[in-house]
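Report on the structure given below.
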Amino acid sequence: MKKIIYSAFISLFALAISACSEDRFDGANGDLPEASLYENCFKVTVDENNNAHFSFEPVAGVDMTGITPVWIVDGAYSSAFEFTKFYRKKGIYSVECKVKNRNGMSAGVVVKQFEVLKTRMNGFEGFDVDANAGLNMLQGATFDNFAYYYAPGWAEIPGGPTYSYNSSENSITIDYPTGTSERWQNQFSFSTGVALQDGVEYDVSMIVTSTQAIPSMKVKMNQNASGDPNILLDKDFSVPADEPIALYATKLLAGGVSDLKIIFDFGGNPDNTNVIIENICILPSDQNNVEAPAELNEAFDYNDPRNVFAAIDQAGVFEETCFWADNNWAEISQEIISTHDGNVHTVTIPGPVGANEWQAQYTWVNLPLAVNASDHYDCSIKVSASLNGEPVKFNGATVKLTDMNSDDNMLFNARHEIPVGGWVYRFEDVQMAQGDAASMKLVFDFGGAPEGAVITISDVTVIKK
């Protein structure tokens, strides 16, 4: 409905403009206005929360009688004298500005540019790339000696990928038209000229945005020399699609490094992947005033053909039970508000549940999953929460996969605080506690979650080894 109303508004706006152009009126200026005369009336400012504020204001010596602004922002028209728009990504943006009076719209246009200083994400935004006193070791550094190896199916593509480097922002954009399937088929590296001290701990962060999900992106930092000596970081990260994410690691030690080399590998990327790497930051840990969230466990691969839970997700049939209670253990609701979409499930906290464990229980029962006591499994589950569309944390969530007929005969059981952005529960090489189970139930508890919070349960992975 909103789209229809918006389209109708644009259509009426266009008709109004064209209608005004058909006939000549004696407007305030007696003719079409000239946009350049009003250039200083158009104002754009950006606040620290990435909100761009657009305003059309009086300026001394400029007659604004009968004049209306026309803003063209990201292809959309607005005649508001004042409005605000949120910009998520760091960068330099432009807006076209025209004016109109009774005779029609100006033929000329004024272009205003404005800068958004930081990319904003859901959850952790990385360390302070503009830290005071030059604490960011990469501040002022220039990346050079770019190198790559791009070989889908181990067949190297001559000329490598298309990439660009913005030296003023130290951001890199890379296009990969063809997907790869294995580690080291998609390497990209460069040197920084930065030296790191022996015996000093460092914190590292960067923001990565990809148009396609990359299950395992490797980031490696070490001395720029043959054999990659004095490694500071060697870690794999999962990158979602179209969602800027801060990759980070803390308290890293390396031997003396005279020229830090940064290596990325995107092996496993799908076709038509565009990657942006920005805000790379390296700070001495003892001088970093930004607290990093607890590092997530690495989830097992949901798409592993041995994941026996994938078939349950695909069937999409879940028998649910609940127990929602207040701090006095009095039941407050029997309502279950849930969704199931492939490997992503949500449930909404229906009221003011208590803060204790087992006061907000939600369970999938009679799961068609038979487990033998002799079998070994690798398991992982991601749990996150949002409230009014914004990520939130709460004091703990329990996940327990257990025998349908015995709460003591479990495959795993754990409780952990849910930070902003979520938590990955990981259980490696686990077995049933007491014996075989003909069917299972997956029990969750969200005691302490705020009323109205939407809990997202995703990538339930149970790999039979």
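The values are calculated or read from the model by the stated rules, or taken from the named source; none is laboratory data. All values reported here derive from a predicted model rather than from experimental measurement. Cβ coordinates were reconstructed from backbone atoms using ideal geometry, including for glycine residues, and neighbour counts include every protein chain displayed.
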> Does the range 152-162 contain at least one residue that is closer than 22 Å to Glu243 by Cα, assigned by TED's automatic domain parsing to the domain that holds Pro244 and loosely packed, with under 15 Cβ neighbours inside 10 Å?
Replying inline: yes
>> Every residue in the range 174-187 that is farther than 10 Å from Asn269 by Cβ and either part of a loop (DSSP other than H, G, I, E, B) or modelled with pLDDT under 95 (or both), please.
In response: Pro177, Glu182, Arg183, Trp184
>> Would you confirm, using the coordinates I've provided, whether Asn413 is surrounded by fewer than 22 Cβ atoms within 10 Å (Cβ to Cβ) and under 21 Å from Ile336 (Cα atoms)?
In response: no
>> Taking the conditions exactly as written (within 26 Å of the chain's Cα centre (by Cα) and either modelled with pLDDT of 90 or more or over 19 Å from Asn40 (Cβ atoms) (or both)), does Phe86 satisfy them or not?
In response: yes
> In the range 366-385, is there at least one residue being farther than 24 Å from Gln434 by Cα, in the same structural domain as Glu451 (by TED's automatic domain parsing) and either in a loop (DSSP other than H, G, I, E, B) or among the β-branched types (Val, Ile, Thr) (or both)?
Replying inline: yes
> Which residues, taken from the range 204-233, are part of a strand (DSSP E or B) and over 19 Å from Ala299 (Cβ atoms)?
Replying inline: Val204, Ser205, Met206, Ile207, Thr209, Lys220, Met221, Asn222, Gln223, Leu233
> When you look at Glu357, is it closer than 21 Å to Asn409 by Cα, among the charged types (D, E, K, R) and not in a loop (DSSP other than H, G, I, E, B), yes or no?
Replying inline: no
> So which residues in the range 286-330 are within 29 Å of Gln359 (Cβ to Cβ) and assigned to a strand (DSSP E or B), if there are any at all?
Replying inline: Glu319, Glu320, Thr321, Cys322, Phe323, Trp324, Ala325
> Do any residues in the range 53-80 that are assigned by TED's automatic domain parsing to the domain that holds Met105 and on the phi < 0 side of the Ramachandran plot have Cβ atoms under 6 Å from those of residues that are loosely packed, with under 14 Cβ neighbours inside 10 Å and of a type in the set (Asp, Glu), where the two are at least six apart or on different chains, and which pairs are they?
Replying inline: Ser55/Glu82
